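Asks: Please find one structure pasted underneath; my questions will follow.
The values are calculated or read from the model by the stated rules, or taken from the named source; none is laboratory data. The model shown is predicted, which means the values in this text are computed figures rather than measured ones. Here the Cβ positions follow ideal geometry from the backbone for every residue, glycine too, while neighbour counts run over all protein chains shown. These area figures cover heavy atoms from the full protein model, side chains too; ligands, DNA and RNA do not enter into them. Shrake-Rupley method; radii C 1.70, N 1.55, O 1.52, S 1.80 Å.
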Amino acid sequence: MKPAIAFGIVAAAASAAFSQTSPAHFPAPDLMRVGVYYYPEAWPSNQWARDIANIKKLGLEFVHMGEFAWAFMEPEEGRFDFDWLERCVQLCAEHGLKVILCTPSPTPPIWLTQKHPEVLMVDAKGRRMQHGARQHACWSVPTYRDYVRKTVNELGRRFGNDTRVWGWQLDNELSHYGKEPCYCDSCQAKFRAWLKSKYGTIENLNRDWGTAFWSQRYQSFDQIRLPNREELAAQINEHALLDAQRWFAEEAADYLRFQASILRQYCGNRQWITHNFMHAFDRVYPVLNAADFEIMTWTIYPVHGQLNEGPLGFRLGSAAAFSFACDFFRNINGVHGIMELQPGQVNWGEVNPQPYPGAVRMWLWRAFGGGAKFVCTYRYRQPLFGAEQFHYGIVGTDGVTPSTGGEQFAQVTREMRLLRQNFNPDAKEPAAYAARRTAILYNFENRWDIDNHKQTVRWDTMGHIFKYYRALKRLGCPVEVITEAKPLDKYPVLVAPAYQLVDENLVQRWRDYVEKGGHLVLTCRTGIKDRRGHLWEGPWAMPILELIGAKIKFYDTLPAPHSGKIKAGDATYTWVSWAEVLDPAISTAVLAEHADQYYAGQPAAVTRKLGKGTVTYVGVDSVEGELEARLVRGVFERAGIAVEDFPDGFIVDWRDGFWVATNFTDKPQRAPVPPGAKLLIGTAEVPIAGVAVWME
Ligand code: GAL
Ligand code: ZN
């Protein structure tokens, strides 16, 4: 039997040994570069020179090309044409613009899929996808990989040793846009092979998948198919589903690694390689490619009809989601950038409002505060045809007039130059800021396993995590979103929200962390299952009980329109999704208790000292997050760590010698600019969607 090992760690160790290069591609004095997507294949070639000259005039610094252009790069099988791309690369070089090139694998040409329909993905209903959109091929099919190999190889041969090219993006937002996984024969076979190598024997799989339940027992690996809700008469086997999610994520990571290894033969580390991950998409797991890329990049469209925090959230985006994504991607291998940032109104939401005036600029500055090495925007020209009509570009439908978003991008390039003039390589991170550095422990396996069986539709996993994240940003903490692969001891405070899947080794690491002086916050749903997704044969959340100094008697969930009340100090808070009733040991202090339901008066949140540190356990998920904010603040107060008191959505961070404040709230806010500080951008009174940048 193989021991259960934490998934991300194994996969990262197994990946191609590519050592993190020097930051040569992203020198510190450059701070953050700003650039744009351009699709020459979609515009008359006699406009290319004008467009690229205008990109330069706007102050943009790099151009991203080639992403979906397979039918132009290889118009017929085996006949490659990169001359058109070469002309554009040269135009960029003549203007001093860096170039990002892409592999065109999300959009196979019709000749390919017509000749090999078996490369087309199969959805859950067994339907083969057709030509005419994107991401309709399956990257597990060996034939598809062969074609990708040839094209990427030709691209590498042509541009992999070309100093005009800065770096590479592989594919685009790897996914099947919600239709994943693919259920084709290749995927079925690869999933089975993966299971065989994971479990060795079918008995091991039967045990870990709990197939004694409903007579699901398998006799051999050949009998297994990817679990598919569309083909199941009743509930899915959650252990099989979790493994299918792990397999899919590893397969996607493998595909990116496969493409990277082809380019590396030509570019070595002279050009960088990345993929543009969708920041909120959890089927592909960026952490698995940590060792393959010099920079982790991601895409974000903050405004597309969702409400977000606060009355203006629908025009400003979510400060928490934006900032959390920076803190997550930055920590994967230490270097991150944004490959796509919304330039204005988009077209693909159910409703597509205008962003608030200034919001685009504010997002760029939030990216800067979050450590991004570059921000690229999708796209230069608003498309006149195709699936993305109505989508803003940096210039409008006439191809030359900057949009409101385009003006904001241009403004940031000017502001960034001002910052570069003030860059001081010796600037030290302010001590009070460093002293409140907090890590959030996070992995996709917990997210998958909770979301696979939420137990109440009123539960929102990311919403729960964001309550803690928002609480920390209100305190002015630098936050590092880390996986278990990282050491824990660098952080005075560590929060592991709804960390459902644990093993004894992790619990021991938490205990050691606390005993040495760390302040650990665990929240409801933590530790209730092992890594296979089985409950413990013992009390609820057995492995963490000694650590938190309490038992968990039971949890409750409430159907709408009911809500429950929690009392902490003299304040009362509301919950609807999840609340536990705790039974603390004598030495454990109660921080909050139930104020209604039949368990009124019983504890809901507790804290205890252990060794040199403390453990706080919050057994409830409140509606507004104000309970969480209060309890998190209490952890810092008891630990004697000085904190700020910012409003939710007003985020202040320090980077490379600069303080950056961005205002996602619905009111002007006061930035904490000390007397004598040098205000470089904005005013200390920061308007809605405004920015202030200063140095001390
Ligand atoms: C992204 C995608 C781009 C473009 C954009 C439109 O998710 O990567 O190719 O479709 O959305 O907003
Ligand atoms: Zn497939």
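Asks: For the stretch 568-583, indicate whether the set of residues that are touching a residue at least 60 places away in the same chain (Cβ under 8 Å), more than 28 Å from PHE314 (Cβ to Cβ) and surrounded by fewer than 19 Cβ atoms within 10 Å (Cβ to Cβ) is non-empty.
Replies: Yes: the stretch 568-583 contains one or more residues that are touching a residue at least 60 places away in the same chain (Cβ under 8 Å), more than 28 Å from PHE314 (Cβ to Cβ) and surrounded by fewer than 19 Cβ atoms within 10 Å (Cβ to Cβ).
Asks: From PRO142, PRO117, PRO104, PRO109, which residue is under 30 Å from TYR39 (Cα atoms) and either modelled with pLDDT under 95 or in contact with a Gly (Cβ under 8 Å, 6 or more places away or on another chain) (or both)?
Replies: PRO104
Asks: Now for a different question. Among (1) assigned to a loop (DSSP other than H, G, I, E, B); (2) of a type outside the set (Phe, Trp, Tyr); (3) surrounded by 17 or more Cβ atoms within 10 Å (Cβ to Cβ), which single condition is VAL457 missing?
Replies: (3)
Residue-wise test of (1) of a type in the set (Asp, Glu); (2) open to solvent by less than 60 Å² (accessible area, probe 1.4 Å); (3) over 28 Å from PRO559 (Cα atoms).
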site	(1), (2), (3)
ALA604	no, yes, no
VAL620	no, yes, no
PHE636	no, yes, yes
ASP653	yes, yes, yes
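Asks: Still on this structure, please answer the following. Between a first residue in the stretch 128-144 that is over 24 Å from GLY386 (Cβ atoms) and a second residue that is among the basic types (Lys, Arg) and within 11 Å of ligand 2 (Cβ to nearest atom), which pairs have beta carbons less than 8 Å apart while being 6 or more apart in sequence or on different chains?
Replies: Between residues of the stretch 128-144 that are over 24 Å from GLY386 (Cβ atoms) and residues that are among the basic types (Lys, Arg) and within 11 Å of ligand 2 (Cβ to nearest atom), the close pairs are SER140/LYS190.
Asks: Follow-up question, since we're still on this one. Any residue in the stretch 469-488 that's within 16 Å of LEU522 (Cβ to Cβ): show its pairings with residues that are modelled with pLDDT under 95 at Cβ separation under 6 Å, as long as the two are six or more apart or on different chains.
Replies: If the second residue must be modelled with pLDDT under 95, the pairs left are GLU484/ALA6.
Asks: Within the group VAL119, VAL152, VAL99, VAL148, which residue is in contact (Cβ under 8 Å) with a residue 60 or more places away in the chain, of a type in the set (A, V, I, L, M) and under 19 Å from CYS184 (Cβ atoms)?
Replies: After applying the criteria, what remains is VAL148.
Let's see how each residue does on (1) modelled with pLDDT under 95; (2) open to solvent by 20 Å² or more (accessible area, probe 1.4 Å); (3) within 16 Å of ligand 1 (Cβ to nearest atom); (4) of a type in the set (A, V, I, L, M):
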| site | (1), (2), (3), (4) |
| --- | --- |
| GLY370 | no, no, no, no |
| GLN389 | no, yes, yes, no |
| THR401 | no, yes, no, no |
| ALA410 | no, no, no, yes |
| MET416 | no, no, no, yes |
| ARG420 | no, yes, no, no |
| ASP426 | no, yes, no, no |
| ARG436 | no, no, no, no |
| ALA439 | no, no, no, yes |
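Asks: Looking at (1) more than 26 Å from the chain's Cα centre (by Cα); (2) at negative phi, which one does GLY132 not meet, given that it meets all the others?
Replies: Result: GLY132 passes all but (2).
Asks: Collect the residues in the stretch 530-567 that are open to solvent by 30 Å² or more (accessible area, probe 1.4 Å) and not in a loop (DSSP other than H, G, I, E, B), keeping them in residue-number order.
Replies: LEU535, MET542, GLU546, LYS551, LYS553, PHE554, TYR555, ASP556, LYS565, LYS567
Asks: For the stretch 114-144, which residues satisfy the criterion of being buried (at least 19 other Cβ atoms within 10 Å of the Cβ) and not in a loop (DSSP other than H, G, I, E, B)?
Replies: Hits for the stretch 114-144 are VAL119, LEU120, VAL122, ALA137, TYR144.
Asks: Look at ASP282 and say whether it is open to solvent by less than 30 Å² (accessible area, probe 1.4 Å) and either farther than 21 Å from ASN161 by Cβ or of a type in the set (A, V, I, L, M, F, W, C) (or both).
Replies: yes
Here's the yes/no breakdown for (1) at pLDDT 95 or above; (2) open to solvent by 10 Å² or more (accessible area, probe 1.4 Å); (3) hydrophobic (A, V, I, L, M, F, W, C):
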{"residue": "ASN46", "(1), (2), (3)": "yes, yes, no"}
{"residue": "ALA49", "(1), (2), (3)": "yes, yes, yes"}
{"residue": "ASN54", "(1), (2), (3)": "yes, yes, no"}
{"residue": "VAL63", "(1), (2), (3)": "yes, no, yes"}
{"residue": "TRP70", "(1), (2), (3)": "yes, no, yes"}
{"residue": "GLY78", "(1), (2), (3)": "yes, yes, no"}
{"residue": "TRP84", "(1), (2), (3)": "yes, yes, yes"}
{"residue": "CYS88", "(1), (2), (3)": "yes, no, yes"}
{"residue": "CYS92", "(1), (2), (3)": "yes, no, yes"}
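Asks: What number goes with the only condition from (1) open to solvent by 10 Å² or more (accessible area, probe 1.4 Å); (2) within 16 Å of ligand 1 (Cβ to nearest atom); (3) touching a strand residue (DSSP E or B) at 6+ places or on another chain (Cβ under 9 Å) that GLU180 does not pass?
Replies: The one condition GLU180 does not meet is (3).
Asks: Kindly indicate the residue of the stretch 338-355 that is farther than 23 Å from GLY399 by Cα and surrounded by fewer than 23 Cβ atoms within 10 Å (Cβ to Cβ) and also farthest from ligand 2 (Cβ to nearest atom) among those meeting that condition.
Replies: VAL351
Asks: Restricting attention to the stretch 148-177, and to residues there that are open to solvent by less than 10 Å² (accessible area, probe 1.4 Å) and in a helix (DSSP H, G or I), which single residue is farthest from ligand 1 (Cβ to nearest atom)?
Replies: The qualifying residue farthest from ligand 1 (Cβ to nearest atom) is GLY156.
Asks: Still on this model: So which of LEU520, LEU506, LEU488, LEU494 is at pLDDT 95 or above, surrounded by 18 or more Cβ atoms within 10 Å (Cβ to Cβ) and assigned to a helix (DSSP H, G or I)?
Replies: Among LEU520, LEU506, LEU488, LEU494, only LEU506 is at pLDDT 95 or above, surrounded by 18 or more Cβ atoms within 10 Å (Cβ to Cβ) and assigned to a helix (DSSP H, G or I).
Asks: Which condition from (1) away from ligand 2 (no atom under 16 Å from the Cβ); (2) farther than 23 Å from ALA137 by Cβ is the one that ASN172 breaks?
Replies: With respect to (1) away from ligand 2 (no atom under 16 Å from the Cβ); (2) farther than 23 Å from ALA137 by Cβ, ASN172 is out only on (2).
Asks: What do you reckon, is PRO383 within 11 Å of ligand 1 (Cβ to nearest atom), in a loop (DSSP other than H, G, I, E, B), crowded, with 24+ Cβ neighbours inside 10 Å and at pLDDT 95 or above?
Replies: Criteria not met by PRO383.
Asks: May I pose another question? With respect to the numbered conditions (1) among the aliphatic types (A, V, I, L, M); (2) open to solvent by 50 Å² or more (accessible area, probe 1.4 Å); (3) in a strand (DSSP E or B), which one is the sole condition not fulfilled by ALA432?
Replies: ALA432 satisfies all of (1) among the aliphatic types (A, V, I, L, M); (2) open to solvent by 50 Å² or more (accessible area, probe 1.4 Å); (3) in a strand (DSSP E or B) except (3).
Asks: Same structure again: Output the number of residues of the stretch 196-224 satisfying the condition of being assigned to a loop (DSSP other than H, G, I, E, B), surrounded by fewer than 14 Cβ atoms within 10 Å (Cβ to Cβ) and in contact (Cβ under 8 Å) with a residue 24 or more places away in the chain.
Replies: 1
Asks: Just checking, which of VAL673, VAL635 is in contact (Cβ under 8 Å) with a residue 40 or more places away in the chain and within 17 Å of GLY476 (Cα to Cα)?
Replies: Answer to the selection: VAL635.
Asks: Among all residue pairs at least 6 apart or on different chains, which show Cβ distances below 6 Å where the first residue, located in the stretch 168-195, is of a type in the set (Lys, Arg) and the second is open to solvent by less than 30 Å² (accessible area, probe 1.4 Å) and away from ligand 1 (no atom under 16 Å from the Cβ)?
Replies: Within 6 Å, the pairs are LYS179/ASP123; LYS190/SER140; ARG192/PHE221; ARG192/ILE224.
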